[in-house]
Amino acid sequence: MDEATTDLLIIGAGPTGLYSAYYAGFRGLRVALVDSLPELGGQITAMYPEKAILDVAGFPSVKGRDLVEGLVAQAATAKPDYFLERTARGLEHRDDDVVVTLDDGTRIVAGAVLITAGIGKFSPRPLPAGDGWVGRGMEFFVPSFAPYAGKDVVIVGGGDSAFDWAQHLEPMASSVTLVHRRDAFRAHQRTVDAVTDSGVEIITRAQVTALRGDSLLEEVEITVDGEEPQTRPAQALVAALGFIADLGTIQEWGLVTQKRHVVVDSAMRTNLPRVFAAGDITDYPGKVRLIAVGFGEAATAVNNAAVAIDPSAHVFPGHSSEA
Ligand SMILES: Cc1cc2nc3c(=O)[nH]c(=O)nc-3n(C[C@H](O)[C@H](O)[C@H](O)COP(=O)(O)OP(=O)(O)OC[C@H]3O[C@@H](n4cnc5c(N)ncnc54)[C@H](O)[C@@H]3O)c2cc1C
């Protein structure tokens, strides 16, 4: 069984975890990150790498992929040890450290643990009619747009991902049809307006009821409530039906949680000694789940964790510009 030792173990390599890693390095701490996904960047990489993000301080507009690239480069200054495609399962407290066990049996001994697990380990919500079609024309995510050029694309869903992808694919695809089972959408109104005004055809109160093709997708059947099914050519279908998030065994660690979020105090401490949390996973009165907020919480969490690891350290790190 592998064993690793570090000062700070970060669970979750989304934007909050990556920025926390940089900060740990700035504090002179050794740092390790674990993530269930094969790539760094959390929700940004998995769900909207091509989206322009407009509300990160200092960037009037930054593509998700570029923000992650910057975070990874910044984190590299801390020389982090990455444990990717591995899920944190167990937590054990010892006298002066904490041991986290991963699903492959690796044990990581750390002076403190920072949970930046976002909404948990997530997997896409399946499209009932799409069983067996993943990789044959159906996907759950759009990590890059180029493969959709010149294709008839059907997007299923009414949330941010569905509308973001419809907006970005419309100029390059042969056609884009967005199918949603309700009249109301959950996406940002500005994106909904932009897509409504574009060449995207929006079909509401409707479902994709069948996918057809020999080996690859050739057409889909769309059924509007109370009407006969209609068939459309489609070489690509994106099922953007949201995802099922699973906090997994983290919920069994004895943390105080509220509606699947970890309750923290103003120092980002959880109720467990040496265990901190930051980013989307945290909860406290007035919590706002945004990247910008996660960055602030990361700095607070790591600076307070530094004191938990070495009680002679100060919470305030000094200014990076003076380093
Ligand atoms: C479509 C969409 C658009 C968005 N647009 C914006 C926007 O414009 N501006 C904005 O501020 N926010 C936006 N958000 C929200 C933003 O993405 C989140 O606030 C942000 O990703 C939270 O970062 P995080 O690092 O806390 O968590 P996450 O990004 O969720 O990362 C958590 C990571 O932890 C990993 N993980 C979970 N459990 C475990 C475990 N047990 N072991 C190992 N790894 C684990 C996950 O695999 C994941 O990689 C958007 C979200 C979506 C879905």
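The values are calculated or read from the model by the stated rules, or taken from the named source; none is laboratory data. It should be emphasised that the depicted structure is a prediction, and the values quoted were computed from it without experimental measurement. Note that each Cβ is placed from the backbone with ideal geometry, even for glycine, and that neighbours are counted across all protein chains shown. For the accessible areas, the whole protein counts, side chains as well, though only heavy atoms, and no ligand, DNA or RNA atoms are used. Shrake-Rupley method; radii C 1.70, N 1.55, O 1.52, S 1.80 Å.
Which number in (1) within 12 Å of the ligand (Cβ to nearest atom); (2) farther than 30 Å from T87 by Cα; (3) at pLDDT 95 or above marks the one condition that R182 misses? R182 satisfies all of (1) within 12 Å of the ligand (Cβ to nearest atom); (2) farther than 30 Å from T87 by Cα; (3) at pLDDT 95 or above except (1). Among the residues making up the range 84-119, a single one is at positive phi and surrounded by 20 or more Cβ atoms within 10 Å (Cβ to Cβ): G118.
Counting just the residues of the range 180-211 that are hydroxyl-bearing (S, T, Y) and out of contact with any Lys or Arg (no Cβ under 7 Å at 6 or more places or on another chain), which one comes out most open to solvent (accessible area, probe 1.4 Å)? Full working, then the answer.
Of all residues in the range 180-211, those hydroxyl-bearing (S, T, Y) come to 191, 196, 198, 204, 209.
With out of contact with any Lys or Arg (no Cβ under 7 Å at 6 or more places or on another chain) added as a condition, the list becomes 191, 196, 198, 209.
Values: T191: 20, T196: 81, S198: 41, T209: 62 Å².
Filtering the range 180-211 for residues that are hydroxyl-bearing (S, T, Y) and out of contact with any Lys or Arg (no Cβ under 7 Å at 6 or more places or on another chain), the one most open to solvent (accessible area, probe 1.4 Å) comes out as T196.
Taking V100 as the residue in question, decide whether it is farther than 24 Å from A292 by Cα, in contact with a Lys or Arg (Cβ under 8 Å, 6 or more places away or on another chain) and within 16 Å of the ligand (Cβ to nearest atom). Spelling it out, V100 is indeed farther than 24 Å from A292 by Cα, in contact with a Lys or Arg (Cβ under 8 Å, 6 or more places away or on another chain) and within 16 Å of the ligand (Cβ to nearest atom). Annotation note: Cβ proximity below 9 Å between a residue of the range 68-90 that is in contact (Cβ under 8 Å) with a residue 60 or more places away in the chain and outside any strand (DSSP E or B) and a residue that is open to solvent by 30 Å² or more (accessible area, probe 1.4 Å) and polar (S, T, N, Q) (sequence gap 6+ or interchain) occurs for T87/S36; T87/T249. Restricting to the range 134-179, name every residue that is touching a Leu at 6+ places or on another chain (Cβ under 9 Å), open to solvent by 60 Å² or more (accessible area, probe 1.4 Å) and either at pLDDT below 95 or within 16 Å of the ligand (Cβ to nearest atom) (or both). Hit for the range 134-179 is E139, nothing else. Within the range 264-277, the set of residues being crowded, with 17+ Cβ neighbours inside 10 Å and closer than 17 Å to L91 by Cα comprises R269, T270, L272, R274, V275, F276, A277.
Going by what's in this entry, would D280 be described as open to solvent by 30 Å² or more (accessible area, probe 1.4 Å), part of a loop (DSSP other than H, G, I, E, B) and of a type in the set (D, E)? Give the steps one after another, and end with the answer.
Details: open to solvent by 30 Å² or more (accessible area, probe 1.4 Å): yes; part of a loop (DSSP other than H, G, I, E, B): no; of a type in the set (D, E): yes.
Here the answer is no, as D280 does not meet what is asked.
On the basis of being buried (at least 20 other Cβ atoms within 10 Å of the Cβ), of a type outside the set (G, A, S), in contact with a helix residue (DSSP H, G or I) (Cβ under 7 Å, 6 or more places away or on another chain) and in a helix (DSSP H, G or I), does I44 make the cut? It is true that I44 is buried (at least 20 other Cβ atoms within 10 Å of the Cβ), of a type outside the set (G, A, S), in contact with a helix residue (DSSP H, G or I) (Cβ under 7 Å, 6 or more places away or on another chain) and in a helix (DSSP H, G or I). State the number of residues belonging to the range 59-78 that are of a type in the set (D, E, K, R), at pLDDT 95 or above and touching a helix residue (DSSP H, G or I) at 6+ places or on another chain (Cβ under 9 Å). The number of residues fulfilling the criteria is 0.
The requirement of being hydrophobic (A, V, I, L, M, F, W, C), within 13 Å of the ligand (Cβ to nearest atom) and in a helix (DSSP H, G or I) is fulfilled nowhere in the range 305-318; no residue meets it. The sole residue among D81, D35 that is near the ligand (Cβ under 10 Å from one of its atoms), at pLDDT 95 or above and of a type in the set (D, E, K, R) is D35.
Go through the range 52-75 and give me each residue that's open to solvent by 60 Å² or more (accessible area, probe 1.4 Å) and not charged (D, E, K, R). Working first, answer last.
To start, the set of residues in the range 52-75 that are open to solvent by 60 Å² or more (accessible area, probe 1.4 Å) comprises 54-55, 57-61, 63, 65-66, 69, 73-74.
If the condition is that a residue be open to solvent by 60 Å² or more (accessible area, probe 1.4 Å) and not charged (D, E, K, R), then L54, A57, G58, F59, P60, S61, A73, Q74 are the ones that fit.
Residues of the range 277-304 that are within 13 Å of the ligand (Cβ to nearest atom) and in contact with a strand residue (DSSP E or B) (Cβ under 7 Å, 6 or more places away or on another chain): A277, A278, I281, T282, D283, I291, A292, E297, A301.
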